[in-house]
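Here the structure is laid out as structure tokens; the discussion comes afterwards.
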Amino acid sequence: MSTAEMCSIDLHTHTTASDGSLTPSELMALARSTGLTAIGVTDHDTLEGLDEAARAAEAEGVELVPGVEISVRYPHGRLHMLGLLLDPAAPGLLQRLELLQRNRRNRNDRMLERMQALGLEITREEVEAEAGGGQIGRPHMAMALLRKGIVGSVKEAFDRYLASGAPAHVPKDKIELTETIELIHEAGGLAILAHPLTLRLEEVGLRSEIGRMRDMGLDGMECYYSQHTAAQVHDLLRLARDLGLVVSGGSDFHGASKPDLALGAVDCGRPAPTALLHAMKERKASRA
Ligand code: AMP
Ligand code: FE
Ligand code: FE
Ligand code: ZN
């Protein structure tokens, strides 16, 4: 088997259903032309892209791993939980995500009011136009501010207005860790900690926190990630092995909204090992 055959998956990507810039169909076409054999679609707090993704994946001859990325309440850093290999029609998960989305729409309205109160000439229509019909979030506000010339870059939009602590920011409603893991399990999925280093914990703290999550039902962690160095991957692989967690790998591809993250660039520029997905399926079968 060639190296290309052994490393050809990417289990963390976004579409226009959340803050990615490609539709699910466009993403599947890119997955095929990139040479991926399997791709996880993990939009933020929504399963809405998965039907279209499944149809397109079949047409392109790529395996779709249905997923989601949920923002979890956590006292420091950022905790994002991936649900992978889940049922896109799971009623409990769908209902809870719908509530999160209603709360997100309220938050968007309040952030728009704040921007307008700050004298920024930006309308809801302009922000919606950036989202391509999918769920709206701060990146779309940033794009609208950029398009109108109010800021010179997305970074400036976040730094001056949208980041936590900035004047237009309103915190996002988040869900508890235990509930998140339960919902993913009820949907038949595996709960995988995304980009563990964004928890911003030192090595000892990281080990004990992930151990605690494993005791709550965590199945695995994203050791291979576009932003990890080879040394970080090495340390995370050892941690996963010590804790008996399955290993995932993803690029966090968003398209033009995060142009530095290329599809399939998971492990220092290469896709993740295909064997990871087999191990995940075995883990899922052993849970059932
Ligand atoms: P939201 O869910 O509306 O809070 O938006 C979250 C999105 O905003 C995620 O995709 C983040 O990566 C992105 N984001 C957060 N902070 C920044 C920043 N400082 N610069 C660019 N993007 C950011
Ligand atoms: Fe995102
Ligand atoms: Fe994330
Ligand atoms: Zn992501």
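The values are calculated or read from the model by the stated rules, or taken from the named source; none is laboratory data. Bear in mind the structure is a predicted one, so any value in this text is a computation, not a measurement. Here the Cβ positions follow ideal geometry from the backbone for every residue, glycine too, while neighbour counts run over all protein chains shown.
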Exercise. Considering segment 15-31 alone, what residues qualify as being touching a strand residue (DSSP E or B) at 6+ places or on another chain (Cβ under 9 Å) and either more than 16 Å from ligand 3 (Cβ to nearest atom) or among the β-branched types (Val, Ile, Thr) (or both)?
Worked result: Thr15, Leu22, Pro24, Leu27, Met28, Leu30, Ala31
For this session: Might you check whether a residue that is at pLDDT 95 or above, within 16 Å of ligand 4 (Cβ to nearest atom) and out of contact with any Pro (no Cβ under 7 Å at 6 or more places or on another chain) occurs anywhere in segment 240-248?
Result: yes
Exercise. Is there a residue in segment 188-201 that is in a helix (DSSP H, G or I), at pLDDT 95 or above and away from ligand 3 (no atom under 16 Å from the Cβ)?
Worked result: no
Exercise. Only one of Thr123, Thr180 is away from ligand 1 (no atom under 13 Å from the Cβ) and farther than 23 Å from Leu199 by Cα; which?
Worked result: Thr123
Seminar exercise, completed: Subset of segment 198-218, residues out of contact with any Phe, Trp or Tyr (no Cβ under 8 Å at 6 or more places or on another chain), within 22 Å of Thr13 (Cβ to Cβ) and among the hydrophobic types (A, V, I, L, M, F, W, C), comes to Leu218
For this session: Output the number of the condition that Asp219 fails; it satisfies all remaining conditions of (1) of a type outside the set (A, V, I, L, M, F, W, C); (2) loosely packed, with under 13 Cβ neighbours inside 10 Å; (3) under 26 Å from Asp87 (Cβ atoms).
Result: (2)
Exercise. When you go through Leu36, Leu99, Leu82 one by one, which is the residue that is away from ligand 3 (no atom under 16 Å from the Cβ), out of contact with any Lys or Arg (no Cβ under 6 Å at 6 or more places or on another chain) and in contact (Cβ under 8 Å) with a residue 60 or more places away in the chain?
Worked result: Leu36
Exercise. Within segment 245-260, restricting attention to residues that are surrounded by fewer than 19 Cβ atoms within 10 Å (Cβ to Cβ) and not in a helix (DSSP H, G or I), which residue is nearest to the chain's Cα centre (by Cα)?
Worked result: Lys258
Exercise. Limited to segment 175-202, what total is found for residues that are away from ligand 4 (no atom under 16 Å from the Cβ), at negative phi and not aliphatic (A, V, I, L, M)?
Worked result: 7
For this session: Working only within segment 135-162, note down all residues that are assigned to a loop (DSSP other than H, G, I, E, B) and within 16 Å of ligand 3 (Cβ to nearest atom).
Result: Gln135, Gly137
For this session: Taking only segment 147-168 into account, find how many residues are of a type outside the set (D, E, K, R), surrounded by fewer than 17 Cβ atoms within 10 Å (Cβ to Cβ) and in contact (Cβ under 8 Å) with a residue 24 or more places away in the chain.
Result: 1
For this session: Starting from residues that are away from ligand 3 (no atom under 16 Å from the Cβ) and of a type in the set (Lys, Arg), keep the ones in segment 215-260 and report whichever is farthest from Ala279 (Cα to Cα).
Result: Arg238
For this session: Being modelled with pLDDT of 95 or more, under 23 Å from Ala256 (Cα atoms) and in contact with a strand residue (DSSP E or B) (Cβ under 9 Å, 6 or more places away or on another chain) narrows it down to one of Leu93, Leu97, Leu79, Leu64, so name that one.
Result: Leu64
Exercise. List the pairs whose first member sits in segment 128-140 and is within 20 Å of Glu98 (Cβ to Cβ) and among the acidic types (Asp, Glu), whose second member is modelled with pLDDT of 80 or more and away from ligand 4 (no atom under 16 Å from the Cβ), and whose Cβ atoms are under 7 Å apart, counting only residues at least 6 apart or on separate chains?
Worked result: Glu128/Ile136
Exercise. Only one residue in His12, His76 is within 16 Å of ligand 3 (Cβ to nearest atom) and touching a helix residue (DSSP H, G or I) at 6+ places or on another chain (Cβ under 9 Å). Which one?
Worked result: His76
Problem set entry | Considering residues of segment 18-47 that are out of contact with any helix residue (DSSP H, G or I) (no Cβ under 7 Å at 6 or more places or on another chain) and within 15 Å of ligand 1 (Cβ to nearest atom) only, the residue modelled with the lowest pLDDT | Ser18
